[in-house]
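A short reminder: the numbers here are calculations on the coordinates, not readings from a lab. Keep in mind it's a predicted model, so treat the numbers as computed, not measured. Here the Cβ positions follow ideal geometry from the backbone for every residue, glycine too, while neighbour counts run over all protein chains shown.
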Amino acid sequence: MYYMKLGITLIAAAVALAGCGEQKPAAKAEAKPAAPSALEVKIGHVGPLTGGIAHLGKDNENGARLAVEEANAARTRIDGKEVKFTFVAEDDQADPKTGTTVAQKLVDAKVAGVVGHLNSGTSIPASPIYNQAGIPVISGSATNPKLTEQGFKTQFRVVGRDDQQGPAIASYLATTKKPKLVAVIDDATAYGEGIANEVEKTLKAANIKVLPREKGTDKTTDWKAVLTKLRGRNPDAVFYGGMDATGGPLLKQGRELGIKAVFSFGDGACTDEMTKLAGAASEGLLCSQAGIPPQAADKKFLEAYKKRFNTDPILYAPFTYDAANLLIAAMQKANTSDPKKYLPELQKIDFTGATGKIAFDEKGDRKDAEMTIFTMKGGKLAPIAIVKSGKTMTYEEFVKGMK
Amino acid sequence: MDTFLQQLVNGLTAGSVYAVVALGYTMVYGIIQLINFAHGEVVMIGAMVAFTVINALAPTGLSPLAVVLVGTACAIPVCMLVGYSMERLAYRPLRGAPRLAPLITAIGVSILLQHLAMLVWSRNVLAFPQIINNTSYTLGGASITNVQIAIIAVCVALMGGLALLVYRTQLGTAMRATAQDPHVAGLMGVDVNRVIAATFVIGAALGAVAGVLYGTYYGVAQYTMGSILGLKAFSAAVLGGIGNIPGAMLGGVLLGLVEALGAGYIGDLSDLCAYGWIADFMSEQCAAAGHFILFGSNYQDVFAFLVLILVLVFRPSGLLGERVGDRA
């Protein structure tokens, strides 16, 4: 009997505690509208704040946070009422499962819109949750084409897609290096083969001869046989669709064999790791990344970011900044923060942000998204050109245009 | 012709590393008829230890050769210890057990070592610091780097040293005696346990050197690198005749050559458009792309196993014959 009593007491205590946990935010929410004519709008952000790429997650979050804080400071009005934007930052640990959990959490918290997630791997499984709740979500960094190929009206992204990268690097190669013969290699993965196919297609369209495709695997470290064969054909350029772990040895062994061709890679091998993996051989490699480097973003944004966070943006912060601003701009246009009502405005928005002009196509992808071409200079990747809708301009020209 | 010569050089380099790893398989098999599947993992640990040491010493400005030598000098004792503990803890208790038990234990040890390495060195691909300046020499149209020459030289020296040890020393005689018949060897005063342990330790030391060579040659190491390397070396040992020390050397070099030439030429050889009547049959695809390649160079890893199957079917005792001692 005693134990039963204790049990009941415990359960009661637990219920009370749980009740407290739920009631507290509710009480807050009630308290806020009490202030006359202030509308509270929650904007969510999701990115990994713990784990190996936590610094990138924090960078993304800072971008969106800055936009929200600026909107508050500017006393943004919607429907005649002053709005108090609340920024709800969640951590998805770059883990697909956690990604869906926090997505549900944001939906339950009735956010008006979400910026994120950082990774394609977390964005894709989370997207149906937002779609079902009708909450617009804009990613500033997920580049996998599949994200916007699911037919979800609520899904947007302000960064380019992986499948726009192949054409970009290929057209850069074709116009600046003018090769006559190009060798294309891939690592037989969906990513590598996909980007290599796009490159080959673009090169052939520019009347450049492409050697029969060579293949490795995502674990190949010995490329000597393939490279020796290619050396016999004497290509002017080599493109490899794969990651840095295999691309590094490829480049190193290519130079060891005395191949003089230009080596070019997609974003999988567009990392600073390449200097470590290929050593001196990495000098002069070409590679592409979706989007623009943060230093190329709007100067006003860069200054505001530096002032607020006392550091420079690392990677995608300008994009998440734009994403949050897009949500706010669409709400202002529709004169409501109701996701269902402002969504159509977001779809047809025409906006100029820190990363340039933004408009969405019918899938939710950014129209004319920029791709950046990098080259390895003194052991560091340096941007040299921006490719936008098939046109190449030098990085300096682009930066000048942004200011 | 340049291409062909170059492929030979590539194959010879990779093959001599395979040969050194294959020695580890063949020595253990020769003495206790156990295929030590964990040997590939010993090679991996050798590469990883060397990576840690080289990475730590690279910024000190020591000469590259000294750094690599120190790395190797650290990798060898660690691998010897791993080899010894493996034998002492996992295989010795199963000495009299049916053959399947130690074989499965070997697979278990392999998985265990792999995951231990993952915990210690993470699952990332580790890049060796590029401290050695590659100098290429041209040899009749083929280029060969100083690293490649060093690898071939070290492997030949190791094989020679091992041959001396096995055929000219007391320990070697004891090893051969144990291989022939452990019971009788024991009666003759040979400490069989000690000899078997020594075999594991020597094999592991060779594996450590192979791991360092492999790591510095390709510039990368990962906790999974041992499994495919181990399987290839095992195929090389079978090709030469498992249990047979000169066989492992021959098998390793041959396998390296088969792989390099295979990967280098399979694409051209399997281009259906190059063959008259098939090309006519497939004229549409050939006209569109100019080629219709059935197998690409990503089939490189397949050759080792193709060789393994062919040997097992047509010459199960290998090129130089199995030598596991005569059991009356």
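Counting, for every residue in A:209-222, the Cβ atoms of other protein chains within 10 Å of its Cβ and taking the mean gives 6.
Going from the residue with the fewest nearby Cβ atoms within 10 Å to the one with the most, A:ASP108, A:ASP218, A:ASP244, A:ASP91 rank A:ASP108, A:ASP218, A:ASP91, A:ASP244. Between A:LYS204 and B:ARG88, the modelled labels are 6.3 nm apart [label points 7 Å from Cα along Cα→Cβ].
For the peptide B:114-126, the mean number of other protein chain Cβ atoms found within 10 angstrom of a residue's Cβ is 1. Counting Cβ atoms of other protein chains within 10 Å of each residue's Cβ and taking the mean over peptide A:252-258 gives 5. Taking chain B as a Gaussian network of alpha-carbon nodes connected by springs under 10 Å, the highest mean-square fluctuation of the residues B:GLU284, B:GLU259, B:GLU87 belongs to B:GLU284. For the protein assembly as shown, the Cβ-based charge dipole about the Cα centre amounts to some 840 debye (Lys, Arg positive; Asp, Glu negative; other atoms uncharged).
Residues whose amide H falls under 5 Å from that of A:THR143, counting only those 5 or more places apart or on a different chain, are A:SER120, with hydrogens built in the peptide plane.
Close amide H partners of A:GLY353, meaning residues 5 or more places away or on another chain with modelled amide H under 5 Å apart, are A:ILE358. Computed from the C-beta positions of B:ALA274 and B:LEU81, the FRET efficiency with R₀ = 41 Å rounds to 0.15. Counted by Cβ distance under 13 Å from A:SER288, the other residues give a net charge of -3, where Lys and Arg count +1 and Asp and Glu count -1.
Taking the alpha carbon gyration tensor of the protein assembly as shown, multiplying each eigenvalue by 5 and rooting it gives semi-axes of 56, 35, 22 Å, largest first. In chain B, the longest principal axis of the Cα atoms and the axis of helix B:245-269 are about 20 degrees apart. Share of pairwise Cα-Cα distances greater than 29 Å in chain A is 49 percent (whole percent). In chain A, the DSSP beta bridges split such that about 40 percent are antiparallel, to the nearest 5. Its Cα centre serving as origin, chain A has a Cβ charge dipole (Lys and Arg +1, Asp and Glu -1) of approximately 560 debye. Per-residue Karplus couplings for region B:73-81, computed as 6.51 cos²θ - 1.76 cosθ + 1.60 with θ equal to phi - 60°, are listed in order as 5, 7, 5, 4, x, 4, 5, 4, 5 Hz, Gly and Pro entered as x.
Over the residues of chain B, the helix contribution to mean residue ellipticity at 222 nm works out to -23500 deg cm²/dmol, using -39500 (n - 2.57) for each DSSP H run of at least 4.
For region B:2-267, the orientation-averaged shadow of the C-alpha convex hull comes to 14.7 nm² (one quarter of the hull surface). Near A:GLU200: Cβ cut-off under 14 Å, other residues only, Lys/Arg at +1 and Asp/Glu at -1. The net charge is 0. Beta bridges from DSSP with both residues in the protein assembly as shown: antiparallel share about 50 percent, rounded to the nearest 5. In degrees, nearest 10, range 0 to 90: what is the angle between the Cα axis of helix B:170-180 and the longest Cα principal axis of chain B? The helix B:170-180 is inclined about 80 degrees to chain B.
Checking the table A:LYS42/A:LYS357; A:LYS276/A:LYS400; A:LYS42/A:LYS388; A:LYS260/A:LYS380 against a 30 Å threshold on Cα-Cα, which pairs fail? Check vs 30 Å cut-off fails for A:LYS276/A:LYS400; A:LYS42/A:LYS388. The ranking of A:PHE85, A:PHE265 by Cβ neighbour count inside 10 Å, starting from the fewest, reads A:PHE85, A:PHE265.
With neighbours defined as other Cβ atoms within 10 Å of a residue's Cβ, the residues B:TYR18, A:TYR130, A:TYR395 order from fewest to most as A:TYR395, A:TYR130, B:TYR18. For chain A, the 222 nm mean residue ellipticity estimated from helices alone, with every DSSP H stretch of n ≥ 4 adding -39500 (n - 2.57) and the total spread over all residues, rounds to -14500 deg cm²/dmol.
Top mean-square fluctuation among B:ILE245, B:ILE104, B:ILE45, Gaussian network model of chain B, C-alpha springs under 10 Å? Most flexible of the set in this elastic network: B:ILE104.
Against chain B, whose longest principal axis comes from its Cα atoms, helix B:100-121 is set at around 70 degrees. Note: relative contact order over chain B, using C-alpha pairs below 8 Å and six or more positions apart, is 33 percent. Packing around the peptides A:168-174, A:267-273, taken as the average count of other Cβ atoms within 10 Å per residue, puts them in this order, highest first: A:168-174, A:267-273. Summarising the amide proton neighbourhood of A:LYS209: residues at separation of 5 or more, or on other chains, whose placed amide H is nearer than 5 Å comprise A:VAL182. Counted by Cβ distance under 13 Å from B:GLY83, the other residues give a net charge of 0, where Lys and Arg count +1 and Asp and Glu count -1. Sequence-ordered 3J(HN,Hα) estimates for region A:195-203 from the Karplus curve with 6.51, -1.76 and 1.60 and θ = phi - 60° stand at 5, 5, 4, 4, 5, 4, 4, 5, 5 Hz, glycine and proline given as x.
If one computes the Cα centroid of region A:332-392 and of region B:25-83, what distance in Å separates the two points? What the calculation gives is 50 Å, centre to centre. Spin-label model, A:ASP218 to B:SER122: label points 7 Å out along the Cα-to-beta-carbon direction sit 1.9 nm apart.
In this calculation the C-beta distance from A:LYS180 to A:GLU283 is compared with R0 = 22 Å, giving a FRET efficiency of 0.40.
Result for chain B in a Gaussian network model with C-alpha springs under 10 Å: among B:HIS39, B:HIS115, B:HIS183, the largest mean-square fluctuation is at B:HIS183.
Here region A:212-251 and region A:38-78 have alpha carbon centers that stand 42 Å from each other.
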